[in-house]
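K.L.:
The structure is given below, and queries will be raised subsequently.
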Amino acid sequence: MAGMLYLVATPIGNLEDMTYRAVRVLKEVDLIAAEDTRNSIKLLTHFDIHTPMTSYHEFNKYDKADYLVGEMLAGKNVAVITDAGTPGISDPGYELVVKAREAGIGVTAVPGCVAATTALTISGLPTRRFVFEGFLPTEKKEMAQVLDRLKGETRTIIMYEAPHRLKKTLGILYDALGDRRICLCRELTKKHEEGRLSTMAELIAFYENNDPKGECVLVIDGVDERALKEKEQMDFMAMDIHDHMAFYENQGIDHKEAMKLVAKDRGIGKRDVYQLLLDK
């Protein structure tokens, strides 16, 4: 009889967030597939778990998945854990689940921490509808496609980012999405947890004089649906340039960013917008 695959969530900071069920499952399975065994041994030692481990990470996720499926087909129960949070959410796990299901192996989850939803709930931004984007792609063409899609996204947007890339990413998001409300959450569940709710521009200004620390979750306000619908219905080229500017500024968008958006709507440069405003 084939074994079972368990996706076990682990704490994202505070060890007290480890569930009783997670501890029990990790003690009872035959093998633990860990993203980084050096990191996971600290967690297992803390909870007196002595189950054998094997590495399962981004760089061996296909070959090791075949091995783990073979172990489960031989009757062993396998648990997957990552360095923090839930396997498969911007962490290894998805490929193994696919292969396990293809092989007819049962898959279940032991729920727990997810940084994305933890940040969303404390952000102060709408929680009814949201979209998780994980990390922005590093390849320019793919990144541009993602950002272009997000410009019209009405749901709250959740992203992950590493501290050493945060400043660059904030600049990219500001240029692509405008000066939206954003909550930057870092060090979640840890002693120095922070949820900084501000605007993109304010956050960029803050980090000009402060170095980012800790893994970050960015929770970004979606586009206002009513404003988006109004924009789609408007003939901007037929509008007076001041009315066009007012359309954006009445939404709380600053003058400089409004000029950039007007220029894009009309297919002209910002200098042209500036000159039209002067002429009027």
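The values are calculated or read from the model by the stated rules, or taken from the named source; none is laboratory data. Since we're looking at a predicted model, the values are computed, not measured. FYI the Cβ positions are ideal-geometry reconstructions off the backbone, even for glycines, and counts take in every protein chain you see.
K.L.:
Please indicate, with yes or no, whether at least one residue in region 67-84 is surrounded by 13 or more Cβ atoms within 10 Å (Cβ to Cβ), of a type outside the set (Gly, Ala, Ser), without any contact (Cβ under 8 Å) to a residue 40 or more places away in the chain and within 30 Å of LEU177 (Cβ to Cβ).
P.N.:
Checking region 67-84: not a single residue is surrounded by 13 or more Cβ atoms within 10 Å (Cβ to Cβ), of a type outside the set (Gly, Ala, Ser), without any contact (Cβ under 8 Å) to a residue 40 or more places away in the chain and within 30 Å of LEU177 (Cβ to Cβ).
K.L.:
I would also like to ask the following. In region 48-63, what count of residues is obtained for those that are free of Cβ contacts under 8 Å to residues at least 40 places away in the same chain, surrounded by 13 or more Cβ atoms within 10 Å (Cβ to Cβ) and in contact with a Leu (Cβ under 8 Å, 6 or more places away or on another chain)?
P.N.:
Of the residues in region 48-63, the ones free of Cβ contacts under 8 Å to residues at least 40 places away in the same chain are 48-55, 57-63.
The next check asks that each one be surrounded by 13 or more Cβ atoms within 10 Å (Cβ to Cβ); those that pass are 49, 51, 53-55, 57, 60-61.
Still in the list and also in contact with a Leu (Cβ under 8 Å, 6 or more places away or on another chain): 49, 51, 53-54, 61.
Number of matching residues: 5.
K.L.:
So which strands (runs of 3 or more DSSP E) stay within region 55-152 end to end and still have 3 or more residues that are more than 30 Å from ASP221 (Cβ to Cβ)? Outline the logic, then answer.
P.N.:
Values: elements: 78-81, 106-110, 130-134.
Output list reads 78-81, 106-110.
K.L.:
Within region 166-182, identify whether any single residue is touching a Phe, Trp or Tyr at 6+ places or on another chain (Cβ under 6 Å), at pLDDT 95 or above and on the phi < 0 side of the Ramachandran plot, and answer yes or no. Lay out the reasoning, then the answer.
P.N.:
Let us first name the residues in region 166-182 that are touching a Phe, Trp or Tyr at 6+ places or on another chain (Cβ under 6 Å), namely 167.
If we keep only those that are at pLDDT 95 or above too, we end up with 167.
Keeping just the survivors that are on the phi < 0 side of the Ramachandran plot gives 167.
Checked against the condition, which is being touching a Phe, Trp or Tyr at 6+ places or on another chain (Cβ under 6 Å), at pLDDT 95 or above and on the phi < 0 side of the Ramachandran plot, region 166-182 yields at least one hit.
K.L.:
Which residues, counting only those in region 151-161, are modelled with pLDDT of 95 or more and not polar (S, T, N, Q)?
P.N.:
ARG155, ILE157, ILE158, MET159, TYR160, GLU161
K.L.:
Of the conditions (1) in the same structural domain as PRO52 (by TED's automatic domain parsing); (2) under 25 Å from GLU193 (Cβ atoms); (3) modelled with pLDDT of 95 or more, ASP91 clears all except one; give me its number.
P.N.:
So the condition that ASP91 fails would be (3).
K.L.:
Which residues, taken from region 120-145, are touching a strand residue (DSSP E or B) at 6+ places or on another chain (Cβ under 7 Å) and among the hydrophobic types (A, V, I, L, M, F, W, C)?
P.N.:
Residues satisfying the conditions are LEU120, ILE122, LEU125, PHE130, VAL131, PHE132, PHE135, LEU136.
K.L.:
Next question, about the same structure. Mind checking which residues of region 170-189 are closer than 23 Å to GLY124 by Cβ, surrounded by fewer than 18 Cβ atoms within 10 Å (Cβ to Cβ) and either within 16 Å of the chain's Cα centre (by Cα) or of a type in the set (S, T, N, Q) (or both)?
P.N.:
Within region 170-189, GLU187, THR189 meet the criteria.
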